[in-house]
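Comments concern the structure below.
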Amino acid sequence: MDENFTRFLLFYDIDTSQTDLIADAFGLEICLNSLLPDFDSIIEQPDDKLVNKLLIDIEKAISRY
Amino acid sequence: MKSNSTDQELVRQFINGNLSGIENLIHRHKKKVFTYISIYVRDQSLAEDIFQETFLKVIHSLKTGKYTDNGKFLSWVMRIAHNLIIDHFRREKQMRMLSNDDYEADILNEKKFAEDNIEDNLVKEQIVNDVRSLLEKLPDDQREVVMLRHYAGLSFKEIAEQTDVSINTALGRMRYALINMRKMIEEKSLNLTIN
């Protein structure tokens with residue numbers, strides 16, 4: 001990104017939604033979505049045993065608070 | 001176990017002493033958090049350790065009043081997971097520098113998908129491996145911004161705060177990451193979509 005773009009961002013005091021709009025305007029988001037698969041298509045499920053152990057650990061940990 | 005309550009309501013329930021609040025939150029977000037960690041980390045048992053550590057840190061922060069509720073619980077959890085992953089790699093790098101040993105990925109530890117049919121699983125596994133190796137070839141700062149934006153769902157402003165750079169730098173890193181990824185995908189003729 002060049003200096004003019006930096007000035008542009010500073011001038012408009014860019015906030016969260018605006019930066020995302022800019023990313024969209026520059027085609028960053030579209031490009032990203034076309035290059036990488038989205039979350040839902042590669043989603044992985046943690047093992048039930050792992051989640052159960054975590055819940056037990058949390059229960060133990062909570063007693064310390 | 002399913003709850004119709006919002007994340008904020010479940011957080012409040014947990015803070016007020018109702019354990020089912022955090023249980024519901026874990027069940028609601030476990031897949032996203034685990035997938036995020038798995039993309040970064042090749043080792044299944046390491047991914048499981050970081051997953052557990054993430055939620056233990058979450059409950060510690062909730063119970064000690066360190067969480068400010070701004071309606072973005074999942075983004076906050078993803079940030080915690082991300083920081084733990086980065087910490088792990090930093091420690092690993094230091095250990096490697098000390099021991100001077102070569103690191104080899106443990107192929108036996110690569111995870112297996114348990115659902116759908118075998119053919120779908122193989123395609124999915126191939127795609128995840130391709131995505132992972134593609135991201136691994138990016139410089140650290142570019143990989144970080146891609147992961148935080150595309151898989152953790154953070155805004156560019158949040159990414160800038162998280163990585164301690166300006167928004168402009170975060171956007172610039174994304175731009176270079178896209179150029180690099182496109183180049184690699186073309187060179188290797190990769191297809192990263194599931195039909």
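The values are calculated or read from the model by the stated rules, or taken from the named source; none is laboratory data. These numbers were taken from a predicted model, which means no experiment stands behind them. Cβ coordinates were reconstructed from backbone atoms using ideal geometry, including for glycine residues, and neighbour counts include every protein chain displayed.
Per-residue answers, yes or no, for (1) facing chain B (nearest Cβ under 7 Å); (2) surrounded by fewer than 16 Cβ atoms within 10 Å (Cβ to Cβ); (3) in a helix (DSSP H, G or I); (4) at pLDDT 60 or above:
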| residue | (1), (2), (3), (4) |
| --- | --- |
| A:ASN4 | no, yes, yes, yes |
| A:CYS31 | yes, no, yes, yes |
| A:SER41 | yes, yes, yes, yes |
| A:LEU54 | yes, no, yes, yes |
| A:ARG64 | no, yes, no, yes |
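Hey, does the range B:141-150 have a residue that's surrounded by fewer than 21 Cβ atoms within 10 Å (Cβ to Cβ), within 17 Å of B:TYR36 (Cα to Cα) and modelled with pLDDT under 90?
No, the range B:141-150 contains no residue that is surrounded by fewer than 21 Cβ atoms within 10 Å (Cβ to Cβ), within 17 Å of B:TYR36 (Cα to Cα) and modelled with pLDDT under 90.
Go through (1) away from every other protein chain (no Cβ under 13 Å); (2) surrounded by 15 or more Cβ atoms within 10 Å (Cβ to Cβ); (3) part of a helix (DSSP H, G or I); (4) without any contact (Cβ under 8 Å) to a residue 60 or more places away in the chain for B:GLU9 and report which single condition fails.
So the condition that B:GLU9 fails would be (2).
Only one of B:ASN117, B:ASN100 is modelled with pLDDT under 80, more than 9 Å from every other protein chain (Cβ to nearest Cβ) and under 26 Å from A:PRO46 (Cβ atoms). Can you tell me which?
B:ASN117
Going residue by residue through the range B:153-160, is there one that turns out to be under 17 Å from B:THR35 (Cα atoms) and in contact (Cβ under 8 Å) with a residue 40 or more places away in the chain?
Within the range B:153-160, one or more residues are under 17 Å from B:THR35 (Cα atoms) and in contact (Cβ under 8 Å) with a residue 40 or more places away in the chain.
Let's see how each residue does on (1) part of a helix (DSSP H, G or I); (2) among the β-branched types (Val, Ile, Thr); (3) more than 7 Å from every other protein chain (Cβ to nearest Cβ); (4) without any contact (Cβ under 8 Å) to a residue 24 or more places away in the chain:
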residue: B:ILE22; (1), (2), (3), (4): yes, yes, no, no
residue: B:HIS27; (1), (2), (3), (4): yes, no, yes, no
residue: B:LEU46; (1), (2), (3), (4): yes, no, yes, no
residue: B:PHE51; (1), (2), (3), (4): yes, no, no, no
residue: B:LEU56; (1), (2), (3), (4): yes, no, no, yes
residue: B:HIS60; (1), (2), (3), (4): yes, no, yes, yes
residue: B:THR68; (1), (2), (3), (4): no, yes, yes, yes
